[in-house]
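Report on one structure; see the data block that follows.
Just so it is clear, none of the values below were taken in a lab; they were calculated from the coordinates. Keep in mind the model is a prediction, meaning the values are calculated, not measured. Glycine gets a Cβ as well: all are built from the backbone with ideal geometry, and neighbour counts include every protein chain shown.
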Amino acid sequence: MTPEKVGVLVVHGIGEQRKFETVEEIVRDMATALKAELKPDKMPKFKVRIMVNEQNTGSYGASQQTWQADDQEPVIIEVKDAQNKVTQLAFSEVWWADLGEPTSLQTQLSFWGWGLSLWSRKQYTDPNFATSDRVIPPQYSNGKIPKMDLKGRLRFFWVSLVILLVLPVLSFLSVILRKVLGFDLRPDILAQYLGDIKMYQEGKIKGKGPLVDLGQPPRISVRRRMIKELVQMSLRDYDRWYVLSHSLGTIVAFNGLMETEETLANYLNKNFWDKWQNFSKKKATKPLTPEEEKNMFPFRPAWLNNDDVVARSDLFAKLQGFVTYGSPLSKFGVVWPAIVPINRDNSVFNAKFQWLNVYDPTDPVAGPTTLFNFKTTGDKQQPQDIAYKAEAIHLLSHVEYLNYNPSRKTPLVKQLGYWLLYGESFQRAPESWGWPTNPMVQVYNKIRILIWLVASVCLSWILGFFVRFALPDYLEAIVNQIPYLDLSNPFTYIGLDVIIVAIIGIIMRSLKITSN
């Protein structure tokens, strides 16, 4: 029996992931979840094996072989069910972690100036949205464009406050852990992880960036890798294929799916463009005007004519699903709407296409995609928001969505495994603490607020504890003479943080550094 071949494109989120690391983790957890499935007679429901496409090459002195990544998928899960149906889940990835800025004093200062002024920044909009016949901005179901209101700014202010409290605590902990346990906790870990968000919303920087996108916004290089892999997926002989994306990777993936046909072509090199021309020869119904071509980014390659396009109807003909988990899309839709526009033509997605947005109500990054509602073929409403409790510990929820836990009866990774195997509509697990419906989601939201408040007080208390022991005697004597400055009081540090965040936000806004 010829196996059904299903492509799965994985897009990682923020962090310092290494090549193939995210794919390996997902494949490991999904294969384990499927192997654990039992029939009523307690026999395994599936026969599961994993195939890795290795290359018998490597750099000089390499410690291991490398995986294949160009002409074929690096890893495949082959599943045979009780009816002897064989399905191959072929995993590929969009890896972009190497495109971030190297750590330096300048990048550290730039990150903290950016992070502590989020509450005061101008909304990054595009005045051409209103007249564009290709894209529209994120908006509510009533057509109203979101604004940075007072409530939203206060939320950003509070997040900046907590992050600023974390910084000195991490510095103290790194010293203690290094001396006592020999464990190196990097104080710049926040900049390393959250710096990717800053990088993705930056504007053009003259003389900076990868050579192929010199002087362009850094996100262009990230999108280039995304779009190359989308084209690669469509060129492969899959029966159907899917995109799984996490965290900031959901922005990268969404940009790729929503990019205009004219601009998609700009991201391809000549070799890929020739491959695409052999696959699809469709042209634009409305060629680019000289003014439109002049203002495009990335720049239009010389070998493209003004009517050359990557037809989205052909590109996404077999795309059957898009999964975003731990996604900050709605936050981007409010603060940086010009970075996440919605393509006006979404009839290119087939009738079985589903966009699943999975979020943990206690995940500080994720949330429902209220600003990105649109309809696909058959008047099908997208996306489908699904609340899922990924992890009991608040701050760990963001990185635990697809982890397999044998104590959970219906983990997300298992449900997604069934969805990928059989190609039917996604089956949400029955309501429970792990799959909450709206009433329980509201409870979790209140718990999240409480956790942020408690975290602020706890961090302030820890900071006060460290400062009292670390402060030299002569400095402590000077501080003790300052009225109302009690270093033993945790609320002192909250008050100081409020002043610092407010001052930095005002300075950045007045100097217009908060605009993109």
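Some notes on this structure:
- Peptides 100-106, 421-427 ranked from most to least packed by the mean count of surrounding Cβ atoms within 10 Å: 421-427, 100-106.
- Assigned charges on the beta-carbon of Lys, Arg, Asp, Glu; the chain dipole about Cα centre (debye): 720 debye
- Note on residue 47/residue 285: beta-carbon distance plugged into 1/(1 + (r/R0)^6) with R0 of 51 Å gives a FRET efficiency of 0.55.
- The range 56-81 and the range 295-369 have Cα centres spaced 29 Å apart.
- More than 26 angstrom apart: percent of Cα pairs within the range 207-338: 24 percent
- Relative contact order, percent, the range 210-322 [alpha-carbon distance under 8 Å, six or more residues apart]: 39 percent
- Each residue, residue 140 and residue 392, gets one label point 7 Å from its Cα in the Cβ direction; the gap between the two is 3.8 nm.
- Helix-derived mean residue ellipticity, 222 nm - over the chain, DSSP H n ≥ 4, -39500 (n - 2.57), to 500: -12500 deg cm²/dmol
- Across all C-alpha atoms in the chain, the radius of gyration and Dmax reach 24.6, 84 Å.
- Cα-based reach from residue 318 at 16 Å (exclusive), listing lysines while leaving out same-chain residues under 8 positions away: 5, 352
- For the range 292-356: rounded, prolate or oblate by the Cα gyration tensor [a/c cutoff 1.5]: oblate
- Calculated FRET efficiency for the pair residue 503/residue 292, C-beta based, R₀ 41 Å, to 0.05: 0.45
- Residues residue 445 and residue 381, FRET efficiency given R0 of 22 Å [Cβ-Cβ distance, rounded to 0.05]: 0.40
- Taken over the C-alpha atoms, the range 190-236 has Rg and Dmax values of 12.8, 39 angstrom.
- Nearest-ten-degree value, helix 249-258 long axis tilted from longest Cα axis of the chain: 40 degrees
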